[in-house]
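Inspection log for the structure reproduced underneath, given as structure tokens.
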Amino acid sequence: MINDWNFSGLGIDKIKSLSGKYTGLLTDEIFYSQGTNTGIHMNICTASLPNYEKLIVGPKAEINYHLAGYGTSLNDSLIRLGGESVERAAGIFSQLYLKKRVITTTYSEINNKAVNLKYLTPYTDEQLQKLHRLNANFLSKNPNSKLKQKWIKANSLFNPSETIYVPENIFLFGPKSNIRSFLAVSTGTAAHVNWKNALLNSLIEYIQIDAFMYSWYSAKKYNGIYLDQISNKKIKHMILRLFGRYQAYYKCLIINISPYAQVPLNIYGVFLISKTRSDVPAISFGLQGGLNQEETIIRAFCEALADVKMSEANFIKKAKFAKIDPKSIIDFDKNVEYYANPQNYQKNMGYLSNRINLVEHLNSSSVTNLSVMIHSLKRVAPQASFLDITPPYVNGYRVARVFIPEFLAMTFPSFPQINHPRLEKYANDSFYIHPMP
């Protein structure tokens with residue numbers, strides 16, 4: 001493999017500015033897995049944030065930040081790692097530098113300026129009872145309008161001078177809270193070198209997650225195509241180039257999730273499936289949304305391929321798979337491990353086969369730019385809000401955070417948001433855990 005070692009100011013220099021043993025946003029150790037002629041032709045970087053959550057949230061707090069950057073060169077990998085690191089850190093730290101925007105009150109006192117309560121209780125009381133047993137930070141039943149809690153003053157996406165109050169423990173995923181009824185995750189957060197692209201990427205992420213969560217837990221059918229059947233030569237060439245020798249061990253299945261988006265967007269998932277049924281991981285998954293079909297599919301493939309390498313590393317470290325109860329998963333690691341375990345291959349593939357219709361080609365969605373996306377969102381998500389959560393001590397990045405209550409956010413694999421208006425009519429249906437990391 002020919003590796004590109006030409007660095008730009010967006011690559012190694014930015015990572016250096018973020019890293020440090022005592023004062024860095026990242027620790028001073030960056031782990032790098034380079035593409036090789038005997039493996040994949042993709043470069044992967046990963047790193048760790050210091051345990052800042054123990055100072056900000058509490059001494060027993062533990063957060064897995066899932067940091068990774070990957071690309072065709074080390075430079076691409078470092079650029080993505082830097083952006084993701086700033087994004088995750090902003091989510092944790094922003095409660096400190098945005099505290100002037102936070103008030104403590106009840107929903108009934110601000111209901112004319114707050115997000116509609118029906119969107120703030122996505123889990124049923126029965127689900128919350130179980131979540132509370134597994135994680136005491138969750139309430140054992142849904143709150144009413146008289147619960148006093150912290151609310152953050154966000155800006156309307158469509159009229160930025162208008163205020164929309166959102167519970168702080170939903171909008172920001174760093175604050176410690178033992179009155180949760182909503183899972184706060186990084187969905188809808190993005191970092192970029194300029195504000196426009198940061199906002200665009202945060203909206204794209206929210207739209208793609210909503211489309212996948214909705215279609216997955218409502219058991220919708222996906223159109224899918226294996227890589228060897230795809231007619232787009234550019235996509236096939238690029239994926240095969242990145243795949244390297246791993247194409248001998250894995251099949252690549254691309255699924256189209258775009259039809260389930262509430263706003264026109266290209267959304268694709270990629271499953272990498274062991275040909276022998278015994279490789280680790282047995283099944284890997286990546287999901288991406290974007291304006292361009294080809295780029296979106298390739299990025300989804302890269303995410304799935306990066307997960308292959310990280311699942312390999314986790315298995316080598318542990319030397320065995322844990323016994324996992326698919327009814328009680330409250331993180332985004334055990335579901336990935338469940339799909340990675342060859343012992344679950346037949347069951348997982350049996351389920352996927354019933355959900356995917358194999359087709360001869362994949363349609364693309366027509367999407368142009370940020371303004372068109374916002375115009376489309378206004379019709380279906382009038383309560384969407386945003387904030388600039390860029391850390392004041394970080395140069396060269398902007399971080400956007402959006403909250404779209406009308407859309408489904410990322411959820412624990414064992415707990416679909418069946419009390420949310422988007423999924424409530426499927427509340428009595430059976431479901432299968434999602435594969436997203």
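The values are calculated or read from the model by the stated rules, or taken from the named source; none is laboratory data. Keep in mind it's a predicted model, so treat the numbers as computed, not measured. Cβ atoms come from the backbone with ideal geometry, glycine included; neighbour counts cover every protein chain shown.
State all residues of the stretch 140-179 that are out of contact with any Pro (no Cβ under 9 Å at 6 or more places or on another chain) and at pLDDT below 90; if no residue qualifies, say none. Once the filter is applied, which keeps residues that are out of contact with any Pro (no Cβ under 9 Å at 6 or more places or on another chain) and at pLDDT below 90, the stretch 140-179 yields 172, 173, 174, 175, 176, 178. At least 2 residues being touching a residue at least 60 places away in the same chain (Cβ under 8 Å) and crowded, with 18+ Cβ neighbours inside 10 Å is the threshold, and among the strands (runs of 3 or more DSSP E) wholly inside the stretch 348-407 those reaching it are 385-388, 398-403. Just one residue in the set 278, 284, 328 is outside the structural domain of residue 406 (by the TED database), assigned to a strand (DSSP E or B) and among the polar types (S, T, N, Q); that residue is 284. Going through (1) surrounded by fewer than 20 Cβ atoms within 10 Å (Cβ to Cβ); (2) modelled with pLDDT of 95 or more; (3) part of a loop (DSSP other than H, G, I, E, B) one by one, residue 122 falls short only on (1).
Looking across the stretch 399-427, the residues that are more than 22 Å from residue 132 (Cβ to Cβ) and out of contact with any strand residue (DSSP E or B) (no Cβ under 6 Å at 6 or more places or on another chain) come down to 404, 405, 406, 407, 421, 422, 425, 426. (1) in contact (Cβ under 8 Å) with a residue 40 or more places away in the chain; (2) within 30 Å of residue 304 (Cβ to Cβ); (3) among the acidic types (Asp, Glu): which one isn't true of residue 168, the others all being true? The one condition residue 168 does not meet is (2). The residues in the stretch 160-191 that are under 30 Å from residue 69 (Cα atoms) and assigned to a strand (DSSP E or B) can be counted, and the count is 3. Within the stretch 239-262, the set of residues being assigned to a loop (DSSP other than H, G, I, E, B) and either over 18 Å from the mean Cα position of the chain (by Cα) or under 21 Å from residue 77 (Cα atoms) (or both) comprises 249 only. Under the condition of being at pLDDT 70 or above, more than 22 Å from residue 272 (Cβ to Cβ) and β-branched (Val, Ile, Thr), the residues counted in the stretch 58-89 number 2.
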